[in-house]
Every structure is written in structure tokens, then in C-alpha cells.
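Notes follow once the structure below has been shown.
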Amino acid sequence: MPAGTFASRRFEVVTSAGTDRFWFDERFPHVMLRMESANGRKLSLRKTMRLDYWKHHSNGDEKLLL
């Protein structure tokens, strides 16, 4: 996938409208990696970053997120 390679776990939610599928990273904090809905919508994680946010709380630190 665009964000990289992950060990993931798939979950399915079945309703009268069909089956939605979700993939989550097995590592904490279990980021959602991919979703496929019954109506055909597909989403994939493009990017993720883990910052030591407690060290970045001053004006201008938002540039780290670009």
C-alpha cells in the first residue's frame, strides 16, 4: 500500500446493505490501513508519522507535519 508494508488484521461488518471490510495495523495504536465499503468506496492509508509530540508544542512546530 502507499504508506508501506504492515502486519494487519482484517475485520468485516455485515449489514443488510452488504459487507464493509477494514484492515488495521496489528501494532498499537492500531491505525486503520484500508477500508472497502459495500457500496464500492475504497480508502488506503497514504502516509503516517509518529512524532514525539510532547517536544513540539511551540509556534512554528506545525511545519513538522508537512
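Bear in mind these aren't lab numbers, they're just calculated from the coordinates by the rules spelled out. These figures come from a predicted structure and were not determined experimentally. Every residue, glycine among them, receives a Cβ derived from its backbone with ideal geometry; neighbour counts consider all protein chains shown.
Structure notes:
- Count of the range 14-25 residues which are loosely packed, with under 11 Cβ neighbours inside 10 Å and either in contact with a strand residue (DSSP E or B) (Cβ under 9 Å, 6 or more places away or on another chain) or aliphatic (A, V, I, L, M) (or both): 2
- Within the range 38-55, at least one residue is without any contact (Cβ under 8 Å) to a residue 40 or more places away in the chain, hydroxyl-bearing (S, T, Y) and out of contact with any strand residue (DSSP E or B) (no Cβ under 9 Å at 6 or more places or on another chain).
- Cβ-Cβ contacts under 7 Å between residues 6 or more apart (or on different chains), taken from a first residue in the range 1-12 that is touching a residue at least 40 places away in the same chain (Cβ under 8 Å) to a second residue that is assigned to a loop (DSSP other than H, G, I, E, B) and loosely packed, with under 10 Cβ neighbours inside 10 Å, are listed as P2/R46; A3/R46; A3/K47.
- Search result, residues across the range 39-62 that are more than 22 Å from A7 (Cα to Cα), part of a loop (DSSP other than H, G, I, E, B) and either touching a Lys or Arg at 6+ places or on another chain (Cβ under 9 Å) or acidic (D, E) (or both): D52
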